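Here's the structure we're looking at; comments come further down.
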Amino acid sequence: MKNPIRRYKEINEFFEATGFETRTDIPDFLVFSFEDFSGKGPMAMQPYQKDFYHITLVLKAKKAEITIDEQHNTVQENFLYFLSTEHIFSWKRDLNIKGFTIFFKPSFLNFYTGTFEKDFSFFDLAESNMIELSPSRIKEVLEDFNKLYKEYHTSSVYRKQILQTLVLALLYKFKGIQEEFSAQEILPSKKQSLVFKFKNLVNNLFVTYKQVGDYAKKMFVSANTLNKIVKDLTGKTAKEIINDKVILESKKMLLYTSNDISEIAFTIGFDEPTHFIRFFKAHTLQTPKEYRNQKM
């Protein structure tokens with residue numbers, strides 16, 4: 001049976017479960033340098049989620065690899081990546097990697113009244129979650145991380161308040177860098193951008209949401225508008241794209257896991273195996289069992 005994706009609720013729980021010796025005395029915040037580990041801890045992690053935000057600055061790495069949802073990347077140097085509480089993440093570590101990581105729970109910035117995924121779109125499931133840094137930006141961003149790291153390791157009475165201020169300032173700096181980078185690119189049309197975001201959301205949320213209206217609500221458009229734009233630009237309706245994703249992932253599980261049909265149905269997000277079987281047959285003209293047996 002395929003292992004379910006594990007979710008870590010607390011920062012220290014994550015380190016306890018994974019074998020790293022690092023712990024934080026601020027339950028909803030931690031900043032660490034990769035060099036803190038000195039070769040200790042696991043070299044790779046299977047896909048997982050966590051109830052805290054994640055920012056990593058990679059200065060140098062030769063063999064590190066990360067996968068954010070379905071996007072696989074070979075890590076090299078001078079870039080940032082961001083994870084929200086909804087991202088699925090896995091990685092392979094390089095012992096010589098240099099850089100920093102920040103973990104913080106939503107409660108750490110509970111004074112902030114905005115919406116993180118909206119105001120800082122690099123956390124958004126529907127957006128790109130990586131920023132490549134130019135040589136001119138590396139020095140100032142590294143100084144900010146070093147300042148944050150140094151403050152974390154002080155015993156100041158107002159240490160947490162200072163860290164909160166530094167993290168928020170850093171987020172706004174990243175927002176500015178992201179906007180500068182976007183301004184240099186050939187910007188896609190609003191319709192193309194909407195389709196891109198829709199497909200990204202489907203890739204991340206198809207297990208939970210299977211109706212067009214669910215995605216339209218998240219994108220602040222009507223279901224009719226979303227359907228029309230997706231159809232105009234892709235030749236398929238929004239519902240067809242959702243169904244295609246569900247079928248694709250179902251086929252992967254049928255071929256590459258030993259899970260029984262009921263387990264696959266629940267994993268894909270169906271309340272009843274019979275509903276999954278009907279859905280699969282309607283779109284492939286085969287039952288899941290017939291498809292699996294044919295391909296074996």
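Give the angle, between 0 and 90 degrees and rounded to the nearest 10, that separates the Cα long axis of helix 273-284 from the longest principal axis of the Cα atoms of the chain.
Computed tilt is about 70 degrees.
With θ set to phi - 60° and the Karplus curve 6.51 cos²θ - 1.76 cosθ + 1.60, what are the ³J(HN,Hα) couplings of the stretch 107-122 in order, to the nearest whole Hz, using x for Gly and Pro?
5, 5, 10, 5, 7, 7, 9, x, 10, 4, 5, 8, 7, 10, 5, 5
R0 = 41 Å: FRET efficiency of Glu263 with Phe181, Cβ-based, nearest 0.05?
Once the sixth-power term is evaluated, E becomes 0.45.
Whats the longest run of the chain with zero chymotrypsin sites (Phe, Trp or Tyr not before Pro) that are DSSP loop and have at most 11 other Cβ atoms within 10 Å?
1-110
Given springs between every Cα pair under 10 Å in a Gaussian network model of the chain, which of Glu240, Glu249, Glu272 has the largest fluctuation?
Highest fluctuation among the options: Glu272.
Of Leu30, Ala64, Leu80, which is farthest along the charge dipole of the stretch 23-84 in the positive direction, counting Lys and Arg as +1 and Asp and Glu as -1 at C-beta?
Ala64
Which aspartates and glutamates have a Cα lying under 14 Å from the Cα of Lys252, excluding residues fewer than 8 positions away in the same chain?
List returned: Glu70, Asp244, Asp260, Glu263.
Nearest 20 debye, what's the magnitude of the dipole of the stretch 1-114 about its Cα centre given +1 on Lys and Arg Cβ and -1 on Asp and Glu Cβ?
300 debye
Work out the length of the dipole vector of the chain about its Cα centre, built from +1 on the beta-carbon of each Lys and Arg and -1 on the beta-carbon of each Asp and Glu, and round it to the nearest 20 debye.
Computed about the Cα centre, the dipole is about 720 debye.
Apply the Karplus curve 6.51 cos²θ - 1.76 cosθ + 1.60, θ = phi - 60°, to the phi angles in the stretch 235-241 and return the couplings in whole Hz, x for Gly and Pro.
Rounded to whole hertz, the list is x, 10, 6, 4, 5, 5, 5.
Using only the alpha-carbon atoms of the chain as identical scatterers, what base-10 log of I(q)/I(0) does the Debye formula give at q = 0.11, 0.14, 0.17 Å⁻¹?
For the chain at q = 0.11, 0.14, 0.17 Å⁻¹, log10 I(q)/I(0) is -0.78, -1.16, -1.45.
Given H placed 1.01 Å from N in the peptide plane, which residues other than close sequence neighbours of Lys60 have an amide H under 5 Å from its amide H?
For Lys60, whose amide H was placed from the backbone, the distant partners under 5 Å are Asn78, Lys98.
Can you find, among Val246, Val195, Val212, the residue sitting farthest towards the positive end of the charge dipole of the stretch 116-269, where Lys and Arg contribute +1 and Asp and Glu -1 at Cβ?
Positive-end residue among those listed: Val212.
Pick from Asp214, Asp124, Asp25 the residue whose mean-square fluctuation is largest in a GNM of the chain, springs joining Cα atoms under 10 Å.
Asp25
Which of Tyr291, Phe111, Leu255 sits closest to the plus end of the dipole of the chain, meaning its Cα is farthest towards the positive end, when Lys and Arg get +1 and Asp and Glu get -1 on the C-beta?
The Cα lying farthest towards the positive end belongs to Tyr291.
Averaged per residue, what accessible surface does the stretch 1-158 expose to a 1.4 Å probe, in Å²?
So the stretch 1-158 comes to 51 Å² accessible per residue, rounded to a whole number.
List, largest first, the extents of the alpha carbons of the stretch 113-271 along their principal axes, each in whole Å.
Principal extents (Cα only, largest first): 55, 40, 32 Å.
Looking only at Ser90, Ser136, Ser222, which one moves most when the chain is put into a Gaussian network model with springs between Cα atoms under 10 Å?
Between Ser90, Ser136, Ser222, it is Ser136 that shows the largest mean-square fluctuation.
Within the stretch 1-104, list the GluC sites (Glu not before Pro) lying in a DSSP loop whose Cβ has at most 12 other Cβ atoms in a 10 Å radius.
Those satisfying the criteria are Glu21, Glu70.
Round to the nearest 0.05 the FRET efficiency obtained for Thr274 and Gln294 when R0 = 22 Å and r is the Cβ-Cβ distance.
Once rounded, the FRET efficiency stands at 0.60.
Hey, rough spin-label estimate for Arg159 and Ser189, points 7 angstrom out along Cα→Cβ, what's it come to in nanometres?
Inter-label distance under the simple model: 5.5 nm.
Take the Cα of Ile5, step 7 Å along the line toward its Cβ, and report every residue of the stretch 52-95 whose backbone nitrogen sits under 14 Å from that point.
52, 67-72, 83-91
Residue-wise, which Karplus ³J(HN,Hα) couplings in Hz belong to the stretch 202-207, taking 6.51 cos²θ - 1.76 cosθ + 1.60, θ = phi - 60°, and x for glycine or proline?
Computed from phi, the couplings for the stretch 202-207 are 4, 4, 8, 10, 4, 5 Hz.
Using all C-alpha to C-alpha distances in the stretch 77-183, build P(r) with 5 Å bins and read off the rounded percent in each one.
Once binned at 5 Å, the Cα pair distances of the stretch 77-183 give 2, 9, 20, 23, 22, 16, 6, 1, 0.
Can you give the FRET efficiency for Tyr112 and Asp232, using 1/(1 + (r/R0)^6), R0 = 41 Å, r = Cβ-Cβ distance, to the nearest 0.05?
0.60
Run the numbers for Glu86 and Ile26: contour at 0.36 nm per residue of separation, minus the present Cα-Cα distance, in nm.
19.4 nm
Ignoring ligands, DNA and RNA, what percent of the 1.4 Å accessible area of the chain is carbon and sulfur?
Result for the chain: 52 percent of the exposed heavy-atom area is carbon or sulfur.
The values are calculated or read from the model by the stated rules, or taken from the named source; none is laboratory data. Owing to the predicted nature of the structure, the values given are computational and were not obtained by experimental measurement. A quick note on method: Cβ atoms are made from the backbone with ideal geometry, for glycine too, and the neighbour counts reach across all protein chains shown. The area values use the complete protein model at the heavy-atom level, side chains included, leaving out ligands, DNA and RNA. Shrake-Rupley method; radii C 1.70, N 1.55, O 1.52, S 1.80 Å.
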